[in-house]
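Peer 1: I'd like to ask some things about the structure below.
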Amino acid sequence: MKLLVVEDDVRMAGLLQRGLVQEGWAVDVVGDALDARHAVASTPYDAIVCDVGLPGPESGLEWCRWLRESGHWIPVLMLTARSGVEDRIAGLDCGADDYLGKPFAFGELAARLRALLRRGETARPTTLVNGGLVLDPAEHQVRWQGRELDLSPREFALLDYLMRRPGDVLRRTEILDHVWDYAYDGTSNVVDVYIGYLRRRLQDAGCPEAIETVRGVGYRLEVLP
Ligand code: CA
């Protein structure tokens, strides 16, 4: 497996490279978006780790958008600022597959990369569709059978996360980790509260009950007909 690391911070790039090589992966490192373009044009990578903050005219987000627009479906894990919820949302909007806030535990980075590598390279349209439910991350719109839902940013982020994993049981802590800021220090009850809000929004729009409570574990978005 061959990985590309796009990170200008020499210390961080070195740390990533050493760690990933120890995991048994081959790793190339580039320091900006332009070099990253050249790298993906010449080498078939299995996955990419990309920092949001890059020097030069193109940020990690813009580079990732370019990557998808030019038809590359290599899994991308985006590294974002610790408290950057906006960065994370923007990261998913631009076609990244996962994101991790800095600072991160290396073990978690490796685990997420393994998960991405298992999924492999499939064309992933930027619109998420589950039956009559359609979510467009870039346009920030959700529709049930063509009818637009009015969701708060947090409700939207929650549904976005659920719609990326239809049929999977998602633990509360996992949802919290992906939808809430790392700086959030409340309890996972907030997940239950927002699931409640989201259910009501969906119900108001006429969508059948789609979010199943898995007792003692978390929630599951059913695959809708
Ligand atoms: Ca950087």
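Peer 1: Under a 5 Å amide H to amide H cut-off, with H placed in plane at 1.01 Å, what residues pair with Gly101 once short-range neighbours are removed?
Peer 2: Those lying under 5 Å, H to H, from Gly101 are Thr80.
Peer 1: Using θ = phi - 60° and the Karplus curve 6.51 cos²θ - 1.76 cosθ + 1.60, what whole-Hz ³J(HN,Hα) does each residue of region 111-116 get, with Gly and Pro shown as x?
Peer 2: Per residue, the Karplus-derived 3J(HN,Hα) values read 5, 5, 5, 4, 4, 5 Hz.
Peer 1: Between Arg154 and Glu23, what length in nm is gained on full extension when 0.36 nm per residue of separation is reduced by their alpha carbon distance?
Peer 2: Fully extending the segment from Arg154 to Glu23 adds 43.6 nm.
Peer 1: So which GluC sites (Glu not before Pro) in region 94-173 pass both tests, a DSSP loop state and at most 11 other Cβ atoms within 10 Å of the Cβ?
Peer 2: In loop regions of region 94-173 (DSSP not H, G, I, E or B), the sparsely surrounded GluC sites (Glu not before Pro) are Glu139.
Peer 1: If I fit a long axis through the Cα atoms of helix 10-22 and take the longest principal axis of the Cα atoms of the chain, what angle between them do I get, 0 to 90°, rounded to 10?
Peer 2: 80
Peer 1: Give me, ordered by chain and number, the residues 5 or more places off Ala96 or on other chains with an amide H under 5 Å from its own placed amide H.
Peer 2: Long-range HN contacts for Ala96: none found.
Peer 1: Please compute the Kirkwood hydrodynamic radius of the chain from all pairs of different C-alpha atoms, in Å with one decimal.
Peer 2: Mean inverse Cα-Cα distance, inverted, gives 18.3 Å.
Peer 1: Next question, about the same structure. May I ask you to evaluate 6.51 cos²θ - 1.76 cosθ + 1.60, the Karplus curve with θ = phi - 60°, for each residue of region 48-64 and list the ³J(HN,Hα) values in order in whole Hz, giving x for glycine and proline?
Peer 2: Result, ordered by residue: 10, 10, 10, 7, 5, x, 10, x, x, x, 10, 6, x, 5, 5, 5, 5 Hz.
Peer 1: Using only the C-alpha atoms of region 128-221, find the volume of their convex hull and express it per residue in Å³.
Peer 2: Once divided by residue count, the hull of region 128-221 is 90 Å³.
Peer 1: From the phi angles alone, apply the Karplus equation (6.51, -1.76, 1.60; θ = phi - 60°) to region 142-156 and give each ³J(HN,Hα) in whole Hz, x where the residue is Gly or Pro.
Peer 2: 10, 10, 10, 6, x, 9, 6, 9, 9, 10, 6, x, 6, 4, 4
Peer 1: Of all trypsin sites (Lys or Arg not before Pro) in region 1-92, which ones are in loop regions per DSSP and have a Cβ with at most 13 other Cβ atoms within 10 Å?
Peer 2: Those that pass, being in a loop and sparsely packed, are Arg82.
Each reported figure results from applying straightforward, stated rules to the coordinates on display, with no laboratory input. Predicted, not measured: the structure shown is a model, and the values here were computed from it. A quick note on method: Cβ atoms are made from the backbone with ideal geometry, for glycine too, and the neighbour counts reach across all protein chains shown.
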